[in-house]
Amino acid sequence: MRNKGIVASAFAMLFLCATAANAEIVAVGNPSFTITDSKTTKEKVENVDYTTRKVTLKDESGKVRIVRAGTEIQNLNRLKIGDEVTVETFQNISAEVKPGTGDTLNVGIEGQTAPLPGEKPSGVRTIEGTLRTKIESVDREKRTITFKGRNGEMKTYRIGPEAKRFDEIRRGDMLWVEYSQTIKMTVK
(Lines give C-alpha, C1' and ligand atoms only; values in the text may rest on other atoms or scores of the structure.)
Protein backbone atom coordinates (compact mmCIF):
# COMPACT_ATOMS: atom_id res chain seq x y z
CA MET A 1 0.00 0.00 0.00
CA ARG A 2 2.83 2.34 0.90
CA ASN A 3 4.57 1.70 -2.46
CA LYS A 4 1.39 2.57 -4.39
CA GLY A 5 1.26 5.90 -2.51
CA ILE A 6 4.90 6.64 -3.32
CA VAL A 7 4.43 5.73 -7.01
CA ALA A 8 1.25 7.85 -7.20
CA SER A 9 3.04 10.79 -5.54
CA ALA A 10 5.99 10.48 -7.93
CA PHE A 11 3.65 10.34 -10.93
CA ALA A 12 1.75 13.42 -9.66
CA MET A 13 5.03 15.33 -9.20
CA LEU A 14 6.19 14.43 -12.74
CA PHE A 15 2.81 15.55 -14.13
CA LEU A 16 2.93 18.85 -12.23
CA CYS A 17 6.51 19.54 -13.35
CA ALA A 18 5.65 18.78 -16.99
CA THR A 19 2.53 20.99 -16.78
CA ALA A 20 4.49 23.85 -15.19
CA ALA A 21 7.21 23.59 -17.85
CA ASN A 22 4.61 23.71 -20.63
CA ALA A 23 2.85 26.68 -19.03
CA GLU A 24 6.14 28.55 -18.89
CA ILE A 25 6.86 27.87 -22.56
CA VAL A 26 3.38 29.11 -23.56
CA ALA A 27 3.71 32.26 -21.40
CA VAL A 28 7.07 33.19 -22.95
CA GLY A 29 5.51 33.02 -26.44
CA ASN A 30 2.70 35.53 -25.78
CA PRO A 31 2.85 39.08 -27.18
CA SER A 32 4.27 41.44 -24.54
CA PHE A 33 5.41 45.02 -24.13
CA THR A 34 6.71 47.53 -21.60
CA ILE A 35 5.86 51.22 -21.38
CA THR A 36 8.05 53.54 -19.34
CA ASP A 37 7.16 57.21 -19.20
CA SER A 38 8.20 60.26 -17.22
CA LYS A 39 6.83 63.75 -17.46
CA THR A 40 7.31 67.01 -15.60
CA THR A 41 4.88 69.91 -15.83
CA LYS A 42 5.09 73.36 -14.27
CA GLU A 43 1.94 75.38 -13.79
CA LYS A 44 1.03 78.66 -12.08
CA VAL A 45 -1.91 78.97 -9.72
CA GLU A 46 -4.40 81.40 -11.31
CA ASN A 47 -7.22 81.02 -8.76
CA VAL A 48 -8.11 78.99 -5.65
CA ASP A 49 -11.67 78.40 -4.36
CA TYR A 50 -11.07 77.05 -0.86
CA THR A 51 -14.76 76.19 -0.34
CA THR A 52 -15.11 73.95 -3.42
CA ARG A 53 -11.38 73.05 -3.37
CA LYS A 54 -11.13 73.97 -7.08
CA VAL A 55 -7.75 75.25 -8.27
CA THR A 56 -7.24 76.98 -11.63
CA LEU A 57 -3.82 76.26 -13.12
CA LYS A 58 -2.07 77.66 -16.21
CA ASP A 59 0.80 75.76 -17.82
CA GLU A 60 3.84 77.14 -19.64
CA SER A 61 2.03 77.02 -23.02
CA GLY A 62 -0.88 79.08 -21.68
CA LYS A 63 -3.33 76.17 -21.35
CA VAL A 64 -5.70 76.64 -18.41
CA ARG A 65 -7.29 73.81 -16.47
CA ILE A 66 -9.35 73.52 -13.32
CA VAL A 67 -8.62 70.70 -10.89
CA ARG A 68 -10.42 69.72 -7.73
CA ALA A 69 -8.05 69.10 -4.82
CA GLY A 70 -9.27 66.05 -2.95
CA THR A 71 -9.59 65.99 0.81
CA GLU A 72 -6.31 64.05 0.94
CA ILE A 73 -4.51 67.24 -0.17
CA GLN A 74 -3.53 68.86 3.11
CA ASN A 75 -2.73 72.53 3.77
CA LEU A 76 -4.72 73.76 0.76
CA ASN A 77 -5.20 77.06 2.61
CA ARG A 78 -1.45 77.72 2.13
CA LEU A 79 -1.83 77.69 -1.68
CA LYS A 80 -1.87 81.20 -3.14
CA ILE A 81 -2.36 82.83 -6.55
CA GLY A 82 1.00 82.97 -8.34
CA ASP A 83 2.44 79.85 -6.66
CA GLU A 84 4.28 77.53 -9.02
CA VAL A 85 3.15 73.88 -8.98
CA THR A 86 5.56 71.26 -10.29
CA VAL A 87 4.17 67.79 -10.98
CA GLU A 88 6.58 64.96 -11.79
CA THR A 89 5.05 61.69 -13.02
CA PHE A 90 6.93 58.40 -13.43
CA GLN A 91 5.10 55.39 -14.85
CA ASN A 92 6.08 51.82 -15.66
CA ILE A 93 3.77 49.26 -17.26
CA SER A 94 4.72 45.68 -18.11
CA ALA A 95 2.04 43.81 -20.05
CA GLU A 96 1.44 40.43 -21.58
CA VAL A 97 -1.43 39.57 -23.91
CA LYS A 98 -3.02 36.17 -23.37
CA PRO A 99 -5.27 34.95 -26.17
CA GLY A 100 -8.92 34.26 -25.38
CA THR A 101 -11.21 35.34 -22.60
CA GLY A 102 -10.52 35.32 -18.88
CA ASP A 103 -11.50 36.76 -15.55
CA THR A 104 -10.82 40.44 -14.89
CA LEU A 105 -8.76 41.44 -11.87
CA ASN A 106 -7.78 44.76 -10.33
CA VAL A 107 -5.58 44.60 -7.24
CA GLY A 108 -3.58 47.62 -6.21
CA ILE A 109 -2.23 49.65 -3.36
CA GLU A 110 -1.88 53.40 -3.02
CA GLY A 111 0.19 55.43 -0.63
CA GLN A 112 0.69 59.13 -0.13
CA THR A 113 2.88 61.44 1.89
CA ALA A 114 1.63 64.72 3.30
CA PRO A 115 3.28 68.06 4.09
CA LEU A 116 4.07 69.11 7.62
CA PRO A 117 1.66 71.58 9.28
CA GLY A 118 2.31 75.09 7.97
CA GLU A 119 4.01 73.96 4.74
CA LYS A 120 2.54 74.47 1.28
CA PRO A 121 0.71 71.48 -0.22
CA SER A 122 3.16 68.85 -1.49
CA GLY A 123 3.69 65.16 -1.42
CA VAL A 124 4.40 61.92 -3.20
CA ARG A 125 1.68 59.50 -4.28
CA THR A 126 2.48 55.94 -5.33
CA ILE A 127 0.21 53.45 -7.03
CA GLU A 128 1.20 49.83 -7.71
CA GLY A 129 -0.82 46.85 -8.78
CA THR A 130 -1.97 44.15 -11.13
CA LEU A 131 -4.70 44.55 -13.71
CA ARG A 132 -6.27 41.91 -15.90
CA THR A 133 -8.68 43.34 -18.45
CA LYS A 134 -10.13 42.62 -21.86
CA ILE A 135 -8.72 44.40 -24.92
CA GLU A 136 -11.61 46.41 -26.37
CA SER A 137 -9.97 47.45 -29.66
CA VAL A 138 -6.74 47.24 -31.64
CA ASP A 139 -5.63 49.82 -34.23
CA ARG A 140 -2.90 48.18 -36.32
CA GLU A 141 -1.98 51.32 -38.28
CA LYS A 142 -1.52 53.50 -35.18
CA ARG A 143 -0.21 50.52 -33.12
CA THR A 144 -2.63 51.22 -30.27
CA ILE A 145 -4.74 49.08 -27.97
CA THR A 146 -7.75 50.25 -25.95
CA PHE A 147 -8.90 48.67 -22.70
CA LYS A 148 -10.64 49.50 -19.40
CA GLY A 149 -8.13 50.88 -16.94
CA ARG A 150 -8.00 50.32 -13.20
CA ASN A 151 -10.73 52.90 -12.54
CA GLY A 152 -13.03 51.55 -15.26
CA GLU A 153 -12.29 54.33 -17.77
CA MET A 154 -11.16 53.47 -21.29
CA LYS A 155 -7.41 53.81 -21.85
CA THR A 156 -5.56 53.82 -25.17
CA TYR A 157 -1.84 53.13 -25.31
CA ARG A 158 0.50 53.29 -28.26
CA ILE A 159 2.68 50.20 -28.49
CA GLY A 160 6.17 50.82 -29.83
CA PRO A 161 7.92 48.77 -32.50
CA GLU A 162 9.92 46.92 -29.83
CA ALA A 163 6.75 45.05 -28.77
CA LYS A 164 6.96 41.45 -29.82
CA ARG A 165 4.24 40.03 -32.09
CA PHE A 166 1.89 43.04 -32.00
CA ASP A 167 0.11 41.71 -35.09
CA GLU A 168 -1.18 38.72 -33.05
CA ILE A 169 -3.10 40.87 -30.54
CA ARG A 170 -6.87 40.62 -31.03
CA ARG A 171 -9.95 42.34 -29.63
CA GLY A 172 -11.23 40.21 -26.75
CA ASP A 173 -7.79 38.93 -25.68
CA MET A 174 -6.84 39.40 -22.04
CA LEU A 175 -4.24 42.00 -21.10
CA TRP A 176 -2.25 41.11 -17.95
CA VAL A 177 -0.60 44.26 -16.60
CA GLU A 178 1.82 44.97 -13.74
CA TYR A 179 1.95 48.74 -13.16
CA SER A 180 3.56 51.34 -10.94
CA GLN A 181 3.16 55.09 -10.92
CA THR A 182 4.75 57.77 -8.75
CA ILE A 183 3.48 61.35 -8.74
CA LYS A 184 5.49 63.99 -6.92
CA MET A 185 3.94 67.43 -6.41
CA THR A 186 5.74 70.48 -5.03
CA VAL A 187 4.55 74.05 -4.63
CA LYS A 188 6.86 77.09 -4.58
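The values are calculated or read from the model by the stated rules, or taken from the named source; none is laboratory data. Here the structure is a predicted model, which is why all the values come from computation and not from measurement. No Cβ is skipped: glycine too gets one built from the backbone with ideal geometry, and neighbour counts run over all protein chains shown. SASA here: full protein model, heavy atoms, side chains in, ligands and nucleic acids out. Shrake-Rupley method; radii C 1.70, N 1.55, O 1.52, S 1.80 Å.
Under conditions of 25 °C and 0.890 mPa s, region 68-116 yields 156 µm² s⁻¹ as its translational diffusion coefficient, taking Rh as the Kirkwood radius over Cα pairs in the Stokes-Einstein equation.
Each semi-axis of the equivalent ellipsoid for region 92-186 is √(5λ) with λ an eigenvalue of the Cα gyration tensor; in descending order they amount to 32, 15, 10 Å.
What share of Cα pairs, in percent, lie more than 19 angstrom apart in the chain? Of all Cα-Cα distances in the chain, 70 percent exceed 19 Å. Residues in the chain average 67 Å² of solvent-accessible surface per residue, probe 1.4 Å, ligands and nucleic acids excluded.
State to the nearest 20 debye the size of the charge dipole of region 18-155 about its Cα centre, where the only charges are +1 on K and R beta carbons and -1 on D and E beta carbons.
The dipole magnitude comes to about 360 debye.
Once the Cα atoms of helix 2-28 and of the chain are each reduced to a long axis, what angle between those two axes, in degrees from 0 to 90 to the nearest 10, is obtained? Once rounded, one gets 50 degrees.
Extending 7 Å from the Cα toward the beta-carbon at both residue 63 and residue 41 defines two label points whose distance is 0.6 nm.
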